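One structure is given here, and the rest of the page talks about it.
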Amino acid sequence: MQEVNNRVVITGLGVVAPNGVGITDFTNAIKQGISGISYHKELETLGFSCCIGGIPLVPEALQLQYLSALQLKNFNSPGILYGCMAGMDAWKDAGLMINETADWDSGTVFGTGTTSVEKFRESVNKIDAGQVRTLGSNAVLQTMTSGVSAYLSGILGLGNLVTSNSSACCTGTESILMGYERIRSGNAKRMLVGACSDGGPYVWGGFDAMRVMSYKHNDNPEKASRPMSATANGFVPGSGAGALLLESLSSAVERGAKIYGEIAGGALNAGGQRGNGSMTAPNSEAVQRCISKAIENAGVDVNEIDLINGHLTATSKDAEEINNWATVLNRKGKNFPYVHSLKAMTGHCLAAAGAIESVAAVICLANDFIFPSINCEDIHPDIGAIIDAEKIPQRLLENNKLRLIAKASFGFGDINACLIFKKYNG
Amino acid sequence: MNTEELMESLKKVVKPYVKSEEGFKNITASSDLINDLKINSANLIDVILDIENEFDIVIDNASMEKMLTVGSAIDIITTKLNEK
């Protein structure tokens, strides 16, 4: 197929985050710097070092607004639920109707990091007890990695590419780029993109065992996630989903849809677990190349990047990330763009992180505000040595014109994803 | 349990899966689970598991294949209850 190079805009958003479910509540929460991290007795009972985490509040009455009573029967997959909610909200927010017949021009790339572990556990226990015949019809649907995209396709009637990507903590950001490419090349008009992640002991246990999660703030959960802080001591686990409805500019204009912003470009790469990269640590050279390629692909001036929505998990790698940005952008001190981390409020939502954080970035872009990066009143000295303290907003900055926002995610496997969001100016 | 009572219990079990209100309102022994009640074919297995729980019986694979109408379901349930 010939190169089409359609412009790609964002016309719908949906989010299920630990600190806010739905765009209105989430926007209010991020503006006010509200944390969604809480203590979970279950984790302590199970002997976790980190007994806190971010789990979205989704009561049954709310679930029933998205999935039918029959769909929720024997349902045990919070990630799929979050993904369906965010995806359906984004679709509706874009002013689109539920299709009666398959919509050949609309598809989805909706990712996840693990299959639904709760449903898997339930199934494994039954199988081990010799009860395989009682698994019912939906054990497969809820445990297949593509479950969330399959559910969304069925609910909305999507007839284009329907798939689920998986690339650890890059998953959400990667899904956006994959959908972007699909539209840019002329293979789809609309792509519902995003990612979801379950929470709870069976997803978080492995990270707890690796001792990479915060364990010093069990009695003070809202202060626990401390990206860029001198007292950062590991990430706080989160869960949820974020969704964006991407659309070709011509389709959006033809429908008269509201446009939140444009995707100017992006890049995906890996460090090959060479250099200082490993299965769990990023190769800085690869990170820099990824950011650099994204900027090149977007064809933008680095000096017009007004804000960085970082990966910034609250581990010892935060300073290295800031250094990578500063090196590629060639901007330091007061000349560095504003930078913040949503993880301070939501925790690290793993596969969903890039999607939820991108939703936050697009909300900032469309409304010209910068949410505060909470819990880093004590900026890490290694970061303070690179950038001016005022570049990490401690409180909400409103009426702050945003031209470009850079968003990056880095994941286990030494993989990187970087996106450039651009103000839509017609 | 007589046939009428069985029918009432069975209606309770299938109700969550039924997609045709009309079909459910006019339910008879000859109602086809898929064509009249519009139960998704994948959900038939869930209906059978719920029947097993409701009547405390086990429905073998051969009986399962015959369970296509409300009447055949009642016959199979009756047979299994009598075997208890």
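What follows is calculated from the coordinates using simple rules that are stated; it is not laboratory data. These figures come from a predicted structure and were not determined experimentally. Backbone-built Cβ (ideal geometry, glycine too); neighbour counts: all protein chains shown.
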Shielding of B:45-57 by partner chains, average beta-carbon count, 10 Å: 2
Spatial separation of Cα centroids for the range B:6-56 and the range A:15-30, in angstrom: 40
Cα coordinate range in the protein assembly as shown, projected on the principal axes (Å, largest first): 84, 56, 41
Relative contact order, percent, chain A [alpha-carbon distance under 8 Å, six or more residues apart]: 24
Footprinting exposure proxy for A:378, B:46 (fewest neighbouring C-beta atoms within 10 Å first): A:378, B:46
Gaussian network model of chain A, springs between alpha carbon atoms under 10 Å - residue of A:17, A:408, A:326 with greatest fluctuation: A:326
Sequence of A:189, A:334 once ranked by neighbouring C-beta atoms within 10 Å, starting from the fewest: A:334, A:189
HN-Hα J in Hz across the range A:369-385 - Karplus 6.51, -1.76, 1.60, θ = phi - 60°, x for Gly and Pro: 10, 10, 6, x, 9, 6, 6, 9, 4, 9, 4, 4, x, 5, 7, x, 6
Burial ranking of peptide ranges A:107-115, A:271-279 (average Cβ count within 10 Å, highest at the top): A:107-115, A:271-279
Equivalent ellipsoid dimensions for the range A:305-426 as semi-axes, Å, which come from the Cα gyration tensor, largest first: 19, 18, 15
Neighbourhood net charge (13 Å Cβ-Cβ; Lys/Arg +1, Asp/Glu -1) for residue A:177: +2
Tilt relative to chain B, helix B:3-14 - C-alpha long axis, 0 to 90 degrees, to 10: 60
Under 24 Å from residue A:401, Cα to Cα: lysines that are on another chain or at least 8 residues apart: A:31, A:258, A:332, A:334, A:343, A:391, A:422, A:423
For the range A:297-315 and the range A:41-115, distance of Cα centres in Å: 29
Euclidean distance of C-alpha centroids, the range A:194-250 and the range A:253-277, integer Å: 21
Equivalent ellipsoid dimensions for the range A:8-255 as semi-axes, Å, which come from the Cα gyration tensor, largest first: 31, 24, 16
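In the range A:8-255, what percentage of the DSSP-assigned beta bridges are antiparallel, given to the nearest 5? If you can, show how the numbers build up before the last one.
On the way: 21 of 33 bridges.
That works out to approximately 65 percent antiparallel.
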Inter-probe distance in nm under a simple model that places probes 7 Å from Cα toward Cβ, at residue A:288 and residue B:42: 4.9
Those lysines that a straight Cα-Cα span of less than 21 Å connects to residue B:12, excepting residues fewer than 8 apart in one chain: A:73, B:25, B:38, B:66, B:80
Residue order, fewest to most surrounding Cβ atoms within 10 angstrom, among A:117, A:253, A:148, A:21: A:253, A:117, A:21, A:148
Sum of side-chain charges, residue A:300 neighbourhood, beta-carbon under 15 Å (Lys, Arg +1; Asp, Glu -1): +2
0 to 90° range, to nearest 10: angle between helix B:44-55 axis and chain B longest Cα axis: 50
Cα gyration tensor shape for the range A:277-320, rounded if a/c is under 1.5, else prolate or oblate: oblate
Test item: A:133-140 mean partner chain Cβ contacts at 10 Å: 5
Span-rule helices in chain A, defined as complete DSSP H runs reaching 27 Å or more along the axis (Cα) with Kyte mean at least 1.6: none
